[in-house]
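Values quoted throughout were computed directly from the atomic coordinates according to the rules given, and no laboratory measurement underlies them. Remember, it's a predicted structure, so these values are computed and weren't measured experimentally. Cβ placement follows ideal geometry from the backbone for every residue including glycine, while neighbour counts extend to all protein chains displayed.
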Amino acid sequence: MTAPTPVPTTAATAAAPRGATDGVPARHWRWTQPAVILLVGALVLLVLRPGPFDLRVFTLVAAYAVAAVGFNVLVGFSGVVSVGNALFLAAGGYAWARLAVPQGPVVALLSGIAVAVVLAVLAGMLLLRLRAYYFAVGTLALGTLGTIVARNWTGLTNGDAGITGVGFLQVFGLTGVTSIFAAAIVILALVCLLQETLRTSPIGLSMLVGRYDPPMAGALGVRVPAMRIVAFAFSAVTAALGGALIVQLAGGAFPDQFTTTASINLLIIPIIGGRGWRWAPLVGALIVIALPEYLRFLDDYRLVVYGALVTAVALFLPGGAQQAFRQSWSWLRSRARQVRR
Amino acid sequence: MGQLTYFLAIGLGIGAVYALAALGIVTLYTGSGLANFAQGDLLVLAGLVAVTVAGAGYGWFLGLLAGLLATAVAGLVLGLLFVRPMRDRRLDVDVVVIGTLGVAITLTQLSGVWFGRQPQRLSSPLAGVSIPVGDLRVPAHYLLLVVVAVLVFLALRWFGRRTDVGLQLRAVAGGIQAARDAGVRVGRMLVIAWVITGVVGGIAGVLVASVVPLAPESGLPLGVNGFAAAIIGGLASPGGAVVGGLVVGLSESLAGGYLNDAVRQSIAPLVLLIVLVVRPGGLLGRTATARVA
């Protein structure tokens, strides 16, 4: 344990020279997390060399983590709860399925993001003025509608049969699931970088202030509704990216990938990870996506245990994994101090 | 003309189911400020228990009792579970949503393990009896649904306004600290609210099992429609829940009869969205003004 460094007083901080960061904690390493993610991803591919099943699970975790980064911003920064984000997952996924092969991956990704953002801004303008539960239920209805459209608009989505033969993102000369995994890791690193950039930007700070005390934020000149729409649109961007990855991994786009269950998973991920925490999307995705896969020995009771776990975390550990880490860390520190004494 | 009356009668019956589901949600909301996203799964639990008991030869009435007992116990367990974190503070919205969604996942999967994943149907005590409407015949069970929904509504209204416990429940919903200062046993009230929710959900579940075959996965759509009904009515108003349920049921029945099934499925979410956009507080809800502390 390092010796406690002298903490500068508030006055000293305020008087500190205005550097690259205005009034924000001076040292915010926004490159650390992307670097760690890239490093771990490379280690997994080159050293761990997981088998096909594990690799698929890891790729799905990375894809959901990508989608959940935006959700982390939505729930953690601006405090809005949406139960309909599978809609944006579907926008990204179906855009990829329809456009990737004829038009190329860049067009497919960008058009998926564009569709998702347009939907998010429209829905946000209509629904975000609602109070909390009403907004959650409104997005639930929106997601349900999205599933019904995906099932029945056969001209666009080919209905329940789905669209197959969708190709994948080829990176670093890799093939198959390995390539999708690498692409997912790179995209995850990028959106995590975006997340941290947002956190220290005026927009991100406005979101945080608007979450803790909306009237006060309004009095300070923060346009809370506009900030909520921005957060909602950002969650749509990463959800569209995640949707494209999920479709590539599954080898096709099917309505079942984008049901309310997917929305619920997306909502659970950042909360079980610890909303607003920068690692919440990844840790949450590991728990929500990977854990049920490795609980298969519980057989029929696997999802029962999972559901009970979700409730238990929500009720007794509202800070999620972050709270657990923090508490065990401070417990360890106090233990260490006692032992030294 | 006879066809229209038929669709209206069916719609009223289906609407009564949604009204019952919504009444459970509204009871919990007015009793504790919690929005229960697992209400649909409580319905399914009661329905499947009743199907199993009735199927074992004990008859419909014992099935109903068993279903009610199951959801009352489920409500009791959930109440005891939710009391501790709620005793001192109002829970955040996301915690409530996730917490009850976790309950929904658990209940869906438990029902799947216990009762199998096939849709099952409960034969109604009024099976074979029907009411002539023009040249078509509406099963009498639909009438039973409407009557029960009205009775449950009246009972809840009486309970909330005329009994001591009902008043205390409303005090808790208004503000935990204020209620406690006035001498209300807050934790006990929260548990009571959950048990009532469970019983109301149980009644709805057993009755709906004779109209729609229930599978463990039916919980979510039932819950969504119940929520649509509750929100249309304004979430805190039992009368609104009944109105909302009838609106959703009637529009579903008419859309299914005159248009197609895809429209029928999307009508509940569509109506909900339209109401939310046009009247954000619900049809019978008051437009809330935020209080700045």
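Within the range A:221-259, report the chymotrypsin sites (Phe, Trp or Tyr not before Pro) that DSSP leaves as loop and that have at most 13 other Cβ atoms within 10 Å.
Numbers: sites: A:232, A:234, A:258; in loops: none.
Sparse-neighbourhood loop chymotrypsin sites (Phe, Trp or Tyr not before Pro): none present.
Among B:257-270, B:175-188, B:235-248, A:139-152, what's the highest-first ranking by average C-beta atoms within 10 angstrom per residue? Working shown, then result.
Working: B:257-270: 17.6, B:175-188: 14.4, B:235-248: 25.1, A:139-152: 23.5.
Highest-to-lowest ranking by the protection proxy: B:235-248, A:139-152, B:257-270, B:175-188.
For chain A, modelled as a GNM with alpha-carbon contacts under 10 angstrom, which of A:49, A:278, A:211 fluctuates the most?
In this elastic network of chain A, the residue with the biggest mean-square fluctuation among A:49, A:278, A:211 is A:49.
According to the Kirkwood expression over distinct Cα-Cα pairs, how big is the hydrodynamic radius of the protein assembly as shown, in Å? Could the numbers behind the result be given before it?
Numbers: mean 1/r = 0.0387 Å⁻¹.
Its Kirkwood hydrodynamic radius stands at 25.9 Å.
Relative contact order for the range A:230-305: what percent, with Cα pairs under 8 Å and sequence separation of 6 or more?
About 15 percent, as a whole number.
Using Cα-Cα distances under 8 Å and only pairs 6 or more residues apart, what relative contact order does the range B:2-278 have, in percent?
40
Positive end of the dipole of the range A:209-341, charges at C-beta (+1 Lys, Arg; -1 Asp, Glu), about the Cα centre: which of A:243, A:258, A:308 has its Cα farthest in that direction?
Final value for the positive-end residue is A:308.
For a quick protection proxy, order the peptides A:263-274, B:18-29 by their average other-Cβ count within 10 Å, most packed first.
Highest-to-lowest ranking by the protection proxy: B:18-29, A:263-274.
Just the number: Rg to Rh for chain A, Cα atoms, Kirkwood Rh, two decimals.
A ratio of 0.99.
At 222 nm, what value in deg cm²/dmol follows for chain B if DSSP H runs of at least 4 each add -39500 (n - 2.57) and the sum is divided by all its residues, to the nearest 500?
When only DSSP H runs of four or more count, the value is -25000 deg cm²/dmol.
Could you tell me the calculated FRET efficiency between residue A:223 and residue B:117, based on Cβ-Cβ distance and R0 = 60 angstrom, to the nearest 0.05?
Working: r = 48 Å, r/R0 = 0.81.
Between residue A:223 and residue B:117 the formula returns 0.80.
Return one number: the angle in degrees, 0 to 90 and rounded to the nearest 10, between the long axis of the Cα atoms of helix A:320-340 and the longest principal axis of the Cα atoms of chain A.
30
Cα centroid distance between the range B:158-196 and the range A:70-137, in Å?
Taking the Cα centre of the range A:70-137 as reference, the centre of the range B:158-196 is 40 Å away.
Each residue of the range A:138-143 in order: what ³J(HN,Hα) in whole Hz does its phi give by Karplus 6.51 cos²θ - 1.76 cosθ + 1.60, θ = phi - 60°, with x for Gly and Pro?
Coupling constants for the range A:138-143: x, 5, 4, 5, 4, x Hz.
Just checking the output field for B:35-41: average partner chain Cβ neighbours within 10 Å of each residue's Cβ? The partial results should precede the final answer.
Working: counts 5, 0, 6, 2, 0, 0, 1.
Whole-number average of other-chain Cβ neighbours for B:35-41 is 2.
Under the rule of at least 5 residues apart or a separate chain, name every residue whose amide H is placed under 5 Å from the amide H of residue B:130.
For residue B:130, whose amide H was placed from the backbone, the distant partners under 5 Å are B:140.
Could you size up the charge dipole of chain A around its Cα centre, putting +1 on the beta carbon of Lys and Arg and -1 on that of Asp and Glu, and report it in debye to the nearest 20?
1180
Give me, ordered by chain and number, the residues 5 or more places off residue B:137 or on other chains with an amide H under 5 Å from its own placed amide H.
Sorted by chain and number, the residues that satisfy this come to none at all.
What does the helix-only formula give at 222 nm for chain A: each DSSP H stretch with n ≥ 4 adding -39500 (n - 2.57), the total divided by the residues, and the result rounded to the nearest 500 deg cm²/dmol?
So the calculated ellipticity at 222 nm is -22500 deg cm²/dmol.
How many angstrom lie between the C-alpha centres of the range A:143-196 and the range A:222-245?
17
Across peptide B:270-279, what mean number of C-beta atoms from other chains lies inside 10 Å of a residue's C-beta?
4
What residue among A:227, A:216, A:125 shows peak mean-square fluctuation when chain A is described by a Gaussian network model with Cα springs under 10 Å?
A:216
Hey, if you drop one equal point scatterer on each alpha-carbon of the range B:209-259 and run the Debye formula without solvent, what base-10 log of I(q)/I(0) do you get at q = 0.25, 0.27, 0.28 Å⁻¹?
With no solvent term, the Cα-only Debye profile gives -0.97, -1.00, -1.01.
Across peptide A:142-153, what mean number of C-beta atoms from other chains lies inside 10 Å of a residue's C-beta?
Average neighbour count from other chains, rounded to a whole number: 4.
Would you give the gap between the C-alpha center of the range B:1-66 and the C-alpha center of the range A:279-341, rounded to a whole Å?
36
Pairing the Cα long axis of helix A:32-43 with the longest principal axis of chain A, what angle in degrees results, from 0 to 90 and rounded to the nearest 10?
With both axes taken from Cα atoms, the answer is about 50 degrees.
Would you kindly calculate the mean projected area, averaged across all directions, of the convex hull enclosing the Cα atoms of chain B, in square nanometres? Write down the numbers at each step before the final one.
On the way: hull surface 63.0 nm².
About 15.8 nm², averaged over all directions.
Report the semi-axes of the equivalent ellipsoid for the range A:162-266 in whole Å, largest first, where each axis is √(5λ) for an eigenvalue λ of the Cα gyration tensor.
Values for the range A:162-266, descending: 35, 17, 8 Å.
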